[in-house]
């Protein structure tokens, strides 16, 4: 089981949930959906614990700074405020999180990946484009590229896009257009679109969209991708 942590790096304070493996391992930043870290509709802490059991040091930063939502209206407001008004602060929190993980005793080899879901999937694309020099791999789950200023030509790290065919929020065609730019720049790029499933299919706190078989397969592939690129 992980624990809540708080730290400050270069004047930036970050809180979140940290889970460490028994032995040393590389690190992954796992980013919450639009619900926030502590929402009853969020499974981000359970996923953080689960990924740490695969041998990773995993940190789920709270980019909402203690706020969360239990309904779509409030979740949408929190996410919109973040993307429209708080991205400079979020950038600083991400850089601080990377630095924090790199300096943990358990982080060895000193490599950091990033993954996330929905809102967090968007940020996983965005951080791969803005901070490719800070991270070593990215696995965005059903991210929405229209929400953030993502320049695919600046993505320089291996990246694996995971999507849902029946996603009512994500324009998969726009993600595929983004993917084409990345791989044409010589970056290792993978993508998988799961047929017949909806947005947030990996969130078992939401039985209306959760799909167990798809979730298990997508998780397995994500873990394998990180093990290959983070060591």
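Ranked highest first by the average count of other Cβ atoms within 10 Å around their residues, in what order do 63-69, 103-109, 10-16 fall?
Values: 63-69: 19.0, 103-109: 13.7, 10-16: 15.3.
The packing order, highest mean first, is 63-69, 10-16, 103-109.
Where both partners of a DSSP beta bridge lie in the chain, what percent of those bridges are antiparallel, to the nearest 5? Numbers along the way, then the final one.
Values: 11 of 33 bridges.
Expressed as a percentage, antiparallel bridges in the chain total about 35.
What's the percent breakdown of Cα-Cα distances in the chain across 5 Å bins, shortest bin first?
P(r) over the chain, rounded to whole percents: 1, 7, 16, 21, 22, 18, 11, 3, 0, 0.
Could you compute how fast region 1-116 diffuses translationally, taking Rh as the Kirkwood radius over C-alpha pairs and applying Stokes-Einstein at 37 °C with viscosity 0.692 mPa s? Give it in µm² per second. Could the numbers behind the result be given before it?
Details: Rh = 14.2 Å.
Result for D is 231 µm²/s.
To two decimal places, what compactness ratio does region 69-110 give when its Cα radius of gyration is scaled by 2.2 N^0.38 Å? Kindly include the intermediate steps, with their values, before the conclusion.
Details: Rg = 14.9 Å, N = 42, 2.2 N^0.38 = 9.1 Å.
Normalised by 2.2 N^0.38 Å, the Cα Rg of region 69-110 equals 1.64.
When the helix-only estimate is applied to the chain (DSSP H runs of n ≥ 4, each -39,500 (n - 2.57), divided by the residue count), what is the mean residue ellipticity at 222 nm, nearest 500 deg cm²/dmol?
Numbers: 6 runs with 83 residues, N = 231.
It lands at -11500 deg cm²/dmol.
Which of these, 43, 85, 172, has the largest mean-square fluctuation under a Gaussian network model of the chain (Cα springs below 10 Å)?
Greatest mean-square fluctuation among the candidates belongs to 85.
How big is the gap, in Å, between the Cα center of region 36-90 and the Cα center of region 145-165?
Value for the Cα centre distance between the two parts: 19 Å.
Coordinate-derived values only; no laboratory data. These numbers were taken from a predicted model, which means no experiment stands behind them. Neighbour counts run over all protein chains shown; Cβ positions are idealised from the backbone, glycine included.
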